[in-house]
Structures are given as C-alpha cells and as structure tokens.
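Beneath this line is the structure, given in structure tokens, with notes to follow.
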Amino acid sequence: MARKHSSAGKEPGSAGGPAASRAARLARELEEHNRRYYLLDDPAISDAEYDGLLKELEQLEAEHPGLRHPGSPTQRPGTAPLESFEPFTHLRPMLSLANLFDEQELGEFLERVDKGLSGESCDFVLEPKLDGVAVNLLYQDGRLLAAGTRGDGRRGEDVTANVRTMASVPIELLAVDGRDTPTRLELRGEVVIAKADFARLNLDRDEAGETVFANPRNAAAGSLRQLDSAITASRPLVFYAHSHGVCEPAGFEKHSDFLAWAGRAGVLVHPRVRRRRGQSAILSWCRELERDREQLDVDIDGAVIKVDSLEQQRRLGELSRSPRWASAWKFKARQATTRLLAINASVGRLGTLTPVAELEPVNVGGVVVSNASLHNTDEIRRKDIRLGDLVVVERAGDVIPQLVSSLADERDGSEKRFRMPRKCPSCRSPIKRQKGEVAHRCNNRSCPAQLRETLRHFASRNAMDIDGLGEKLVAVFVDNGMVASFADLYRLDTEAVAALDRMGEKSAEKLAAAIDGSRTRPLSRLLFALGIRHVGESAARSLARAFGSLDALARADEQTLVDIDGVGPEMAASLLAFFADPANRTMLDELVAAGLRPTPETTLATSEASALSGKTVVLTGTLSIARNRAKDLVQAAGATVSSTVSKRTDYLVAGENPGSKLRKAEQLGVEVLNEDGLMRLLGGEGAGPDDPADEQAELPLR
Ligand code: IVH
C-alpha cells in the first residue's frame, strides 16, 4: 500500500463557506487515517477510499487556491515517529511519489518529462511498487551504520537494532569489481514479508492464540517496530533496495547502474525490474506486471516509473513532496460490491468468537468471494455495517477478503444491526466479554466447537501431522461423541471408524496407521500441538531442546523458563498456568497411557556437530521422505527452514519436480543439494561449503 503522507496542521482561517468546511473535514479525516495507518498499523479504510478522499481535497484546493496551505495533507508528507524509538534524521528527505491512475495520466507524466528535457530521448526504469515499509539504511565505507523508517520523510524512527537482525540487509557491502564502494550511502528500499511467509506467520500466531495480522504490510510494519529486536529477528522480514539518498562520491550515471551495483554488493533488487523507452512499451510492462501480481511472491500495489539517467533526473528536479522524474502507476483496487447476507460467529480454539460475513458470491479480481472477515464487533460498529447492506469487499494480496465499508445510501430500512450472540452458537453457554478486551469468548472448556478446533490443530500438518484427519472428519468424530480428548484419538476403534459414512475399511486403516505414526513425533511437535497459549512452533522447538521431556518442562519454574531463548514472561506464565491445571495434567497422563512416546529432539541429530548448524535451508520438490520429516531433521540439526529462496539461503534441497525455487537458487548462486547430499550433511559427513552468496546475479535489465 502506498499513501500520500500527511500531518495536517492547522487549517487556514481565511477562506470560508462550504468548500472551506468540507476541506477542513477532509484534512482532519485524512490526518486520522494517516495516524491509524502509519502509527497504529490499523487502517480503517481501504487505499482506494483514502485516495478518493485525497483526490477530493486536491480538487477542492485546485478550485479554491486559498484553501491550499503548507499543513494540508496534499502538501506535506508525514506523521511523527513513535515516542518509544529514537528519532532518525534522513540526510536527504525521503520523498513520495505522485500517482498515475490511468493511461491519460501516464501520458501527461511522460509529456512533462519530455518537455522538461526539451525532447531529449529518455530511458525509464520500471519497478514493482513493493507494498511494505520504507526504510533508509546508512552505510559508511560499506558498513551498516544506522537504519531508520521513513516517518515524515525528513525524520523517522531509529530501527538500527532491528534492521541488523535481518538476513537480507548486509552488515558489510560486498566489494564490486570496477566500482568503489561509496564512502557514504543512504540505501533506500522496502521491508516486506513474502506472501507465503506471511501465511505461515499468521498460522503460527493463530495457533498460538495470538492475534493475526491483517496483511503482509502490517505484519512487516509491526515486526520492524518492535522494541525488542529478538522479536524482529524471529520474523521473516526481507529488504529490497529501490533507490538511494546521499551517495558519496556520486559514482553512478544511471539509476539502472546503481541497482545493478546494489545487486552485486549483496542487496536484493526485485527481479522484475526492467528498462524501457516510450509510452506503449511502458504501458504494456505495467499491464503485464498487474496481470502477474498474484504470482509474485511479495505484495505489490503498483509500478514505479523512473527516469534512468541521474543527470536527467537532476535537471527535472523535485516538487515539495515528490520528484518530477518518477511516478507511481497504481493498480486497480480489487474491490467489488455485493450483499451482506448474514454475519456468523465462528468459535476459535481458545473460545474467541469471530464474526464472519456471509456474502452473496461475487467475483473480485478473478476470484469468487462468499466470505469476508470482520475481526470483531467494534469494527462492525465503527464501519456501521448492517445485515442486508450492500457492502464493498476488497482482496488485498493473498489475504482473506476484507469487508471495507457499507453503502449506507442504498439502505431501504430493512437492514439490521448485528449483535454478537449471547449464547455460544455451538454449546449455548453464555458469551462473556472481559473488561478492556475486544474479544467475546465462550468459556466452556468442553464446548464442541472449541474441541473441534483444538483437535484440528493437534492433527494439523505442522503439529502432529496426522494425515487424513482434517476438519470434516474431526467434526464427525466430535459430533458422534467418538472423540472428546486427544487421548481418544489414540483409542479409536478402527471398525467403528470404517462404519462411518464415506469411510470404509481402507480409509479407516490408513487413518489408524497415520494416528499410530504420530505417537513418536518429535517432542517439539507435541508441545506445539497441545495448543498452549503463546507457544508457537519455534518456541516449542526451543522448549523441547532445552527440556528434553514433558516431565522436565512441567517441573520448570518461571526463571528457568524465561532464561530460554525465545521465551518471554507472557509465555512463561502461560506454560506455568497450563501445567498447574489438574485437567491438563490428567490429559497428559492419558496421552502417555494411550502410548504416546514423543521423540526428544536430541536423538534426532546433534546440532553442535552438524554441518547444518546455523544454516538456512529451503526444501522444494518431492522428496522420498515426507516433507515434514525432512523439516524436522533439518531443524533438529540446528538449521532454519525457510519457504523462500534468497541470497541468504545456504542450501536449497531439491527433490523431484523442483519448479521455480530451483531456478531462483541457480540465479542467486545458492548451493543446491539433492536428497543424498542433504542426508550426508545430516550425517555429519559433508564438508562445509564455500559461501554461496559470493556470486551475485547481474541485474536482468532487459
Ligand atoms: S522510489 C523519489 N521505488 O513507495 C522516489 N519507491 O510513494 C523514492 N516504494 O514510501 C521512492 N516500491 O518506499 C521507489 N520500487 C520503488 C518502490 C517505492 C515501493 C515506496 C517507497 C515510498 C513510496 C513512495
């Protein structure tokens, strides 16, 4: 997402009348939306709506020039930094970009450039407009000195400690043949989270009972703005360079030269960057990018069109907010209008009720949408959404569709306000809302809906990985009274399962084998599967490594727990409460009695001795062992398993039909292993390879 930035100051007292009061109202609204967007990471309206408001204000100011003043959101970038971070002053302001919404506006921009250069020929660099958080990295003699967020364009927040934890940010730039490393460089770019990593992060958070992020941009912003850099380090943040501020000595003639150098100096530059000349070539590249946006691994919200020659850029110059030599081509918002048929309350694993909008199915940018998330009742009230309303839905990135707003003018009076049910839709227990909490909860521990979610999580791929035991079958077991606890799964009667609708002997036996196989899953998986609040996958691994058994963990005191890497006071308290609860103790005893024997992580491999210790590994293609088994082995050997290939990837393990990750690894010079190679490294036989990041791919400016 990219919004114009504002810190609307005082409105001028001069112009009066309806235009002035409308402008003042718009300025106030825009200021509030900026505050929500930039400071709270909690936007209340979509980008398209924001752009609409800004455009209206721009138009008013164009018609009544007296209304335009330096504090208007149309004139000034910016919001103030958070108090908790030190301020970070950019050596050169970080500008924003003017938006182009259609072919005509693109034509006008190109004409202005052409005029400014008196008709000289001009190449343009075309880049994806990455939907993340803008940051400025200050390098002194090639070493990372400091890093700041964009803030108001002149001053942002000092996030040096957090940025240092990011693998894609080189602490030291690599020397590039034929080019001196700048003595002072403000390297600018976007911090993002890849869509696949975002999905995983949210899954982990959801499964650990934490709130999920609305989209990858919010997740990136929230992760970068952590006061505790250990939290940032645990998030899959990636930095892509796209421009520079101060660069001394000024060694580049073209922006494309700068990007090619940055790529070779060890920084990521987006692979879709190209150079083009002429309106039709530019337009078709922009359209191609828009067509492919779903396939890209990061969210983008447009394209950036930049004059390539730095000398031409200088001649064209800058306006107060944005340069004359670059503009952003905005993609169409993927929105549609449809009818809100119902709002259903779904009960989560921890009893939280989430309102989900049931919609008349509608095509939004090629995907049929019939449900949208509404988060909580406060949001429904804030957006004044009523049952029966015509509503606007939006798809942002790969995320669950969002309900943006309702069309209040279209109401006929039959619309009804939504009220959270007073009784749980599943077990009819009273629903409570804790003081100060947004969430409504069902506190009945035996609520069937919660039980279903708890069991679904237990059996899920990243937990006990019980193949074939999905949402539907779990519901059948719970509804038929066959399973009321984890241990019941291990006591299921195969004949009774075979007799179920659409099961049969073969499926029942397969399921029995899958359940049986889960008895010896690694301890970390069991810990994660139990669904202890705040204990996600990676914390479960740390705990399993540190304690080696459930008994030892159950005996640990608070101090011992917080001494473990990745365990904070909140998680420690949650663990203590979990093990202090007699019902949980009984549940664990029952699991042991049912034959559960989790494998301690230490017997999977010894991390110290392993050649994989501290490495980042990506798995792709079909392996002869289950993907999860390979993942367990690699993690137990002390490596991190990532889902995306970058320059910081140490090994790509490629099975059969590896696809695009293999191509990317080859492009980046990442070492590729087959399964045997992986096994050798796991067995401790493999020698440590050379640093695969030495060879940098040339920027493919075609
Ligand atoms: S160039 C003077 N290139 O968009 C030009 N910006 O509205 C400076 N952004 O917050 C920016 N992708 O961080 C540029 N390929 C790209 C970009 C990009 C995303 C962000 C940028 C800034 C906003 C500008």
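The values are calculated or read from the model by the stated rules, or taken from the named source; none is laboratory data. Model, not experiment: these values are computed from the prediction. Note that each Cβ is placed from the backbone with ideal geometry, even for glycine, and that neighbours are counted across all protein chains shown.
The table that follows gives values for the structure above.
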read-out	value
Conditions (1) of a type outside the set (Val, Ile, Thr); (2) surrounded by 24 or more Cβ atoms within 10 Å (Cβ to Cβ); (3) farther than 18 Å from Arg235 by Cβ; (4) within 24 Å of the chain's Cα centre (by Cα): number failed by Asp152	(2)
Ser660, sole failed condition from (1) under 25 Å from the mean Cα position of the chain (by Cα); (2) within 18 Å of Ser524 (Cα to Cα); (3) free of Cβ contacts under 8 Å to residues at least 40 places away in the same chain	(2)
Residue in region 226-283 that is nearest to the ligand (Cβ to nearest atom), counting only those that are among the hydroxyl-bearing types (Ser, Thr, Tyr) and touching a helix residue (DSSP H, G or I) at 6+ places or on another chain (Cβ under 7 Å)	Thr232
Flag if Ala219 is buried (at least 21 other Cβ atoms within 10 Å of the Cβ), away from the ligand (no atom under 16 Å from the Cβ) and either at positive phi or not hydroxyl-bearing (Ser, Thr, Tyr) (or both)	yes
Residues of region 244-258 that turn out to be crowded, with 22+ Cβ neighbours inside 10 Å, under 18 Å from Leu144 (Cα atoms) and either hydrophobic (A, V, I, L, M, F, W, C) or touching a residue at least 60 places away in the same chain (Cβ under 8 Å) (or both), as a count	1
Region 665-676 - residue that is free of Cβ contacts under 8 Å to residues at least 24 places away in the same chain and out of contact with any strand residue (DSSP E or B) (no Cβ under 6 Å at 6 or more places or on another chain) and, of those, farthest from Ser624 (Cα to Cα)	Glu666
Residues satisfying the stated conditions in region 266-296, i.e. basic (Lys, Arg), within 21 Å of Glu190 (Cβ to Cβ), within 26 Å of the chain's Cα centre (by Cα) and not in a loop (DSSP other than H, G, I, E, B)	Arg274, Arg293
Scan of region 442-463 for residues that are surrounded by 18 or more Cβ atoms within 10 Å (Cβ to Cβ), at pLDDT below 90 and within 15 Å of Gly348 (Cβ to Cβ), ordered by number	none
Residues that are assigned to a helix (DSSP H, G or I) and crowded, with 20+ Cβ neighbours inside 10 Å, drawn from region 609-630	Ala630
Enumeration of residues in region 315-324 that are in contact with a strand residue (DSSP E or B) (Cβ under 8 Å, 6 or more places away or on another chain) and near the ligand (Cβ under 8 Å from one of its atoms)	Ser322
Some residue of region 76-91 being in contact with a helix residue (DSSP H, G or I) (Cβ under 7 Å, 6 or more places away or on another chain), modelled with pLDDT of 75 or more and among the β-branched types (Val, Ile, Thr)	no
Per-region count, region 631-663, residues more than 30 Å from Leu173 (Cβ to Cβ) and assigned to a loop (DSSP other than H, G, I, E, B)	5
Residues that are of a type in the set (Val, Ile, Thr), part of a loop (DSSP other than H, G, I, E, B), under 27 Å from Lys129 (Cα atoms) and away from the ligand (no atom under 16 Å from the Cβ), drawn from region 160-210	Thr165, Ile171, Thr181
Meets criteria (in contact with a strand residue (DSSP E or B) (Cβ under 7 Å, 6 or more places away or on another chain), of a type outside the set (Lys, Arg) and under 13 Å from Thr337 (Cα atoms)) for Val392	yes
Any hit, region 122-132, residues being at pLDDT 95 or above, farther than 22 Å from Arg188 by Cα and either of a type outside the set (Val, Ile, Thr) or in a strand (DSSP E or B) (or both)	yes
Identity of the residue in region 324-365, within 30 Å of Leu126 (Cβ to Cβ) and more than 22 Å from the chain's Cα centre (by Cα), that ends up surrounded by the fewest Cβ atoms within 10 Å (Cβ to Cβ)	Asn363
Long-range neighbours under 9 Å by Cβ, at least six apart or interchain, first residue acidic (Asp, Glu) within region 441-460, second at pLDDT 95 or above	Glu453/Val474
Among (1) away from the ligand (no atom under 16 Å from the Cβ); (2) part of a strand (DSSP E or B); (3) surrounded by 20 or more Cβ atoms within 10 Å (Cβ to Cβ) - the single one Ile380 does not satisfy	(2)
Qualifying residue in region 330-339 (condition: assigned to a loop (DSSP other than H, G, I, E, B), within 11 Å of the ligand (Cβ to nearest atom), of a type outside the set (A, V, I, L, M) and out of contact with any Lys or Arg (no Cβ under 6 Å at 6 or more places or on another chain))	no
Residues located in region 433-461, provided they are in contact with a helix residue (DSSP H, G or I) (Cβ under 6 Å, 6 or more places away or on another chain) and in a loop (DSSP other than H, G, I, E, B)	Val438
Residue within region 525-538 that is free of Cβ contacts under 8 Å to residues at least 60 places away in the same chain, outside any strand (DSSP E or B) and hydroxyl-bearing (Ser, Thr, Tyr) present	no
Leu353 assigned to a strand (DSSP E or B), touching a strand residue (DSSP E or B) at 6+ places or on another chain (Cβ under 8 Å), more than 27 Å from Asp299 (Cα to Cα) and modelled with pLDDT under 95	yes
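Condition check ((1) within 16 Å of the ligand (Cβ to nearest atom); (2) under 28 Å from Lys383 (Cβ atoms); (3) within 24 Å of the chain's Cα centre (by Cα)) across all residues:
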| residue | (1), (2), (3) |
| --- | --- |
| Leu67 | no, no, no |
| Phe85 | no, no, yes |
| Ser96 | yes, yes, yes |
| Gln104 | no, no, no |
| Arg112 | yes, no, no |
| Lys129 | yes, yes, yes |
| Leu137 | yes, no, yes |
| Leu144 | no, no, no |
| Asp158 | no, no, yes |
